[in-house]
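This report concerns only the one structure given below.
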Amino acid sequence: SIASADMDLNQLEAFLTAQTKKQGGITSEQAAVIAKFWKNHRTHIHESLINQSRWDNVLKNMNWRVDLKSQLRHIDQINTPVAIVEMELGKSGQ
């Protein structure tokens, strides 16, 4: 819960306090250890979760445009917008 919410120190303190008051919850000593661990490793844990949830391919570049048709056989198709999107994918870290 702490890692998935990327809790700041105030949120962490409130969460751990609630866990110590919950029946069958954690002790205040355990809460202190968890708080110290989270303060020291928050950035590393957050980056690790992001890397685990990412696909191998990443978006390297994207170009787009909207075209309007100005000449067609049927008048009702004139000025119909057409979106053209070009996406370049690549491997992460390359």
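The values are calculated or read from the model by the stated rules, or taken from the named source; none is laboratory data. Note that the structure is a prediction, hence the values are computed from the model and not measured. Neighbour counts are summed over all protein chains in view; Cβ atoms, including those assigned to glycine, are modelled from backbone coordinates with ideal geometry. The area values use the complete protein model at the heavy-atom level, side chains included, leaving out ligands, DNA and RNA. Shrake-Rupley method; radii C 1.70, N 1.55, O 1.52, S 1.80 Å.
Listing for the model above:
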| item | result |
| --- | --- |
| Where a residue in the range 13-31 is under 16 Å from A3 (Cα atoms) and its partner, wherever it lies, is part of a loop (DSSP other than H, G, I, E, B), with Cβ under 6 Å and at least six apart | Q19/G25; Q19/I26 |
| Number of the exception - Q71 against (1) open to solvent by 90 Å² or more (accessible area, probe 1.4 Å); (2) closer than 30 Å to S4 by Cα | (2) |
| 1 or more residues touching a Ser or Thr at 6+ places or on another chain (Cβ under 6 Å) and not hydrophobic (A, V, I, L, M, F, W, C): qualifying helices (runs of 4 or more DSSP H) within the chain | 9-21, 28-53 |
